[in-house]
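Values in this text are rule-based calculations from the coordinates and carry no lab data. The shown structure was predicted, so the numbers you read here are calculated from the model rather than taken from an experiment. Here the Cβ is made from the backbone with ideal geometry for all residues, glycine too, and neighbour counts use every protein chain on show.
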Amino acid sequence: MGRQRRGVSLARLLFRRGRRILPAAAAVSIVFAAEQPIEFPHNKHAALNLECVDCHSRADVGDAATIPGIGKCMLCHEKIATERPEVRKLAAFAAAGREPPWVRIYRFNRAGHVLFRHASHVRAGIRCAVCHGDMAAAVTAQPLVKHTMGTCLNCHREQGASEDCAACHN
Ligand code: HEC
Ligand code: HEC
Ligand code: HEC
Ligand code: HEC
Ligand code: HEC
């Protein structure tokens, strides 16, 4: 227990980005989770008071939110929960110098040439949960919210954002 606390504060010191995104309940439907190389439980990590941007560290500054590299996981998991089977798999990837081949959940068909920028949305104050559902309560990453051209445009109309084809398609 003491160890876990020390691990958590170590990670916080190293990559804390400040608190700003508070996940809240959103419309949720039953969907399939992808088979991942390691079962990563979002809920258990959110319970440690980690913010979404502590791990998805480009979400407020870049186009892609980004998935954290294994080095970030190992800041804690060199010491924490090392006996758990899924953490052993994680340690094996780290020992081999490999990133876990995470399967992407949200992704547009390349043929559509859609350009989505996280930073403009996050900076406009739209919470992660509006577009991803309550990930803080999710056991596995699932596409809790469906994004289509229609859902993008609905919000853009409501909030007076661009409806130009060229804004979203490059
Ligand atoms: C306005 C809607 C919207 C908001 C707000 C939003 N996202 Fe996303 N997110 C998306 C869409 C759409 C995709 C898929 C983008 C693509 O495939 O190009 C995505 C993809 C992702 C991915 C996949 C990997 C990557 O690098 O993009 C992660 C992780 C993610 N979002 C996390 C977050 C987090 C954390 C927040 C809050 C800080 C957030 N998102 C806020 C819509 C949103
Ligand atoms: C701030 C420290 C911290 C970081 C960073 C962290 N974890 Fe964890 N992780 C924990 C703690 C603490 C637990 C035990 C939580 C519990 O059982 O309630 C845990 C549990 C787990 C488990 C085991 C779940 C189970 O019950 O079997 C897996 C798998 C895991 N983490 C993967 C990851 C991955 C992958 C990353 C990097 C993306 C990561 N963790 C980053 C602290 C961390
Ligand atoms: C400890 C690090 C960590 C924290 C904290 C974390 N995530 Fe993640 N997230 C991951 C990892 C690792 C993956 C890839 C594995 C997976 O999809 O299950 C992921 C995947 C995702 C995805 C799916 C991206 C895609 O398209 O494949 C979304 C969306 C997401 N996270 C949103 C969030 C939100 C919102 C929060 C805050 C409530 C959050 N995450 C907190 C590590 C984290
Ligand atoms: C919940 C509301 C909401 C949703 C959903 C949403 N947007 Fe936006 N979007 C906004 C707002 C608000 C802005 C204006 C931000 C600003 O001007 O600072 C914006 C701006 C943009 C911009 C211009 C910003 C830039 O930096 O170029 C693009 C491109 C964009 N959105 C694409 C998308 C796409 C693609 C989707 C669907 C996957 C989407 N948006 C979904 C609210 C939303
Ligand atoms: C606010 C963002 C946004 C705007 C503005 C927008 N689109 Fe889209 N569009 C999308 C997204 C996101 C998709 C991908 C939907 C999916 O994969 O389900 C898409 C898909 C498409 C597709 C289908 C591509 C394919 O084959 O997968 C076409 C064609 C298209 N858009 C044309 C247009 C035209 C023409 C305009 C201007 C009148 C326009 N779009 C304006 C976001 C936008």
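Summary of computed values
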| quantity | calculated |
| --- | --- |
| Anisotropy class of the range 69-115 from Cα gyration tensor, a/c 1.5 cut | prolate |
| Karplus-derived HN-Hα couplings along the range 73-82 (A = 6.51, B = -1.76, C = 1.60, θ = phi - 60°), whole Hz, x at Gly and Pro | 4, 6, 3, 8, 7, 4, 10, 9, 6, 5 |
| 75, 115 arranged by Cβ crowding within 10 Å, fewest neighbours leading | 115, 75 |
| Partner aspartates and glutamates for residue 89 [C-alpha distance under 16 Å; skip if fewer than 8 residues away on the same chain] | 35, 39, 78, 99 |
| Cut-off under 5 Å, modelled amide H: who pairs with residue 62 long-range | 119 |
| Three-way shape call for the range 79-170 based on the alpha-carbon gyration tensor, with the a/c threshold at 1.5 | prolate |
| All lysines inside 25 Å of residue 146 as judged from Cα atoms, apart from same-chain residues fewer than 8 positions distant | 44 |
| Under Karplus coefficients 6.51, -1.76 and 1.60, residue-wise ³J(HN,Hα) of the range 157-165 in Hz, glycine/proline x | 5, 4, 9, x, 8, 4, 10, 5, 3 |
| Under the Karplus curve 6.51 cos²θ - 1.76 cosθ + 1.60, θ = phi - 60°, whole-Hz ³J(HN,Hα) for the range 47-56, x wherever Gly or Pro sits | 5, 7, 6, 6, 7, 4, 6, 4, 9, 8 |
